[in-house]
Amino acid sequence: MNDMSDTPTSSDLIGCPERPEPPLRILWREGDWLAIHKPAGWLVHRTGLDAGETRFIVQTLRDQLGRHVHPVHRLDKGTSGVLLMALSTEAARALAMQFEQRQVDKRYLAFVRGWSPDEAVVDHALRLDDAPPDAAPQPALTRFRTLATLLLDVPVDRYPQTRAALVEARPETGRRHQIRRHLKHLSHPIIGDTTHGKGAHNRWWAAHLGVQRMWLHAASLTMSHPETGQPLTIASPIASSLQEAGLNADWLTLLAQPWRWLHPNGRQRSLMGLTEGGWSPEGHPRHP
């Protein structure tokens, strides 16, 4: 496997002087459509549910471009990665229809507690968090594949060792908190998820990595180009160059841990936003 030795490591990023909050990074722009990298901890738009927050994608991007902008879809506050925006309501609707018709291939990277199954399909209906008890749950399906496992001889909570995994998630529906809730359903909650995870593990990993966040990343999406109809893939890579390393420096720190990769190209695909290469069918042993 290519270890991408020319890829910057977490040590390349330590000690850099703090800079003012940069403008939002634009990953792709064409016509009235664009995709940005959403940093973790940013809300997509203002909401009274988080009155103390001051960082909002819609308002910041509007000021950055000097134009009104419209989100095509949503990402949770704690999630980083690819977010599609439009410069008109008509343009936003054109792309939103692809999401509604399940024509967008969305790939997420998640850091979870424990060793998740090599592959899993969770077909588990979900009810909105604020829905009345008698509301019917909505169909929800997510496909998961474990990319790597980690074992540390450090006791956390009641466990004598610390186990974790990197998981690729492909949601086929778009329910609120779907990936987070489906991973909890598998008993492998996302590290840093204060709603569905476990506090002792979240706190230990935050101290160990020096990063406090929910470890879910919208790595890439593939859709039909809104004008040509040709396949279009947009990614927020962890790092394939020094220029890109600044986007997801926190994930680069995480990937510097002693992971056991289950697929020959797993590390490279993770760095490149889960867009590079296919999967090897043969299995690979986990930690003894």
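Select from segment 221-233 the residues that are open to solvent by 10 Å² or more (accessible area, probe 1.4 Å) and either closer than 26 Å to Asp118 by Cα or of a type in the set (A, V, I, L, M) (or both) and list them in ascending order. Explain how you work it out, then say what you get.
The initial filter retains those residues of segment 221-233 that are open to solvent by 10 Å² or more (accessible area, probe 1.4 Å), namely 222, 224-233.
Result: Thr222, Leu232, Thr233.
Condition first: assigned to a strand (DSSP E or B) and open to solvent by 30 Å² or more (accessible area, probe 1.4 Å). Now tell me which residues in segment 71-98 satisfy that.
Initially, segment 71-98 is screened for residues assigned to a strand (DSSP E or B), giving 71, 80-86.
Passing the criteria: only Pro71.
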- Message: Restricting to segment 108-123, give me the number of residues that are open to solvent by 40 Å² or more (accessible area, probe 1.4 Å) and either of a type in the set (Phe, Trp, Tyr) or within 30 Å of Trp204 (Cα to Cα) (or both).
- Response: 6
- Residue by residue through segment 99-128, note down the ones that are part of a strand (DSSP E or B) and charged (D, E, K, R). Asp105, Lys106, Arg107, Arg113, Glu119, Asp123
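Would you confirm whether or not segment 191-208 contains a residue that is small (Gly, Ala, Ser), open to solvent by 70 Å² or more (accessible area, probe 1.4 Å) and in a helix (DSSP H, G or I)?
The first filter runs over segment 191-208 and keeps only residues small (Gly, Ala, Ser), leaving 192, 197, 199-200, 206-207.
If we keep only those that are open to solvent by 70 Å² or more (accessible area, probe 1.4 Å) too, we end up with 207.
Narrowing the set further to residues that are in a helix (DSSP H, G or I) leaves 207.
Checked segment 191-208: at least one residue is small (Gly, Ala, Ser), open to solvent by 70 Å² or more (accessible area, probe 1.4 Å) and in a helix (DSSP H, G or I).
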- Query: Considering only residues of segment 148-160 that are outside any loop (DSSP other than H, G, I, E, B) and of a type in the set (A, V, I, L, M, F, W, C), which is most open to solvent (accessible area, probe 1.4 Å)?
  - Reply: Leu151
- When both residues are 6+ apart or on different chains and their Cβ atoms are under 8 Å apart, which pairs have a first residue that lies in segment 170-185 and is open to solvent by 10 Å² or more (accessible area, probe 1.4 Å), and a second that is in a loop (DSSP other than H, G, I, E, B) and acidic (Asp, Glu)? Arg176/Asp129; His177/Asp76; His177/Asp129; Arg180/Asp76; Arg180/Asp193; Lys184/Asp193
- Message: With the requirement that a residue be touching a Lys or Arg at 6+ places or on another chain (Cβ under 8 Å) and hydrophobic (A, V, I, L, M, F, W, C), what does segment 166-189 give you?
- Response: Val167, Ala169
- Query: Hey, does segment 136-147 have a residue that's open to solvent by 10 Å² or more (accessible area, probe 1.4 Å), of a type in the set (Phe, Trp, Tyr) and not in a strand (DSSP E or B)?
  - Reply: no
- Task: Residues being acidic (Asp, Glu) and in contact with a His (Cβ under 8 Å, 6 or more places away or on another chain): count how many of those fall in segment 70-121.
- Result: 1
- Query: Gln103 fails exactly one of the following numbered conditions: (1) in contact with a Lys or Arg (Cβ under 8 Å, 6 or more places away or on another chain); (2) under 29 Å from Leu34 (Cβ atoms). What is the number of that condition?
  - Reply: (1)
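The values are calculated or read from the model by the stated rules, or taken from the named source; none is laboratory data. Given the structure is predicted, the values throughout are model-derived calculations rather than measurements. FYI the Cβ positions are ideal-geometry reconstructions off the backbone, even for glycines, and counts take in every protein chain you see. We work out accessible area using only protein heavy atoms, side chains counted, and drop any ligands, DNA or RNA first. Shrake-Rupley method; radii C 1.70, N 1.55, O 1.52, S 1.80 Å.
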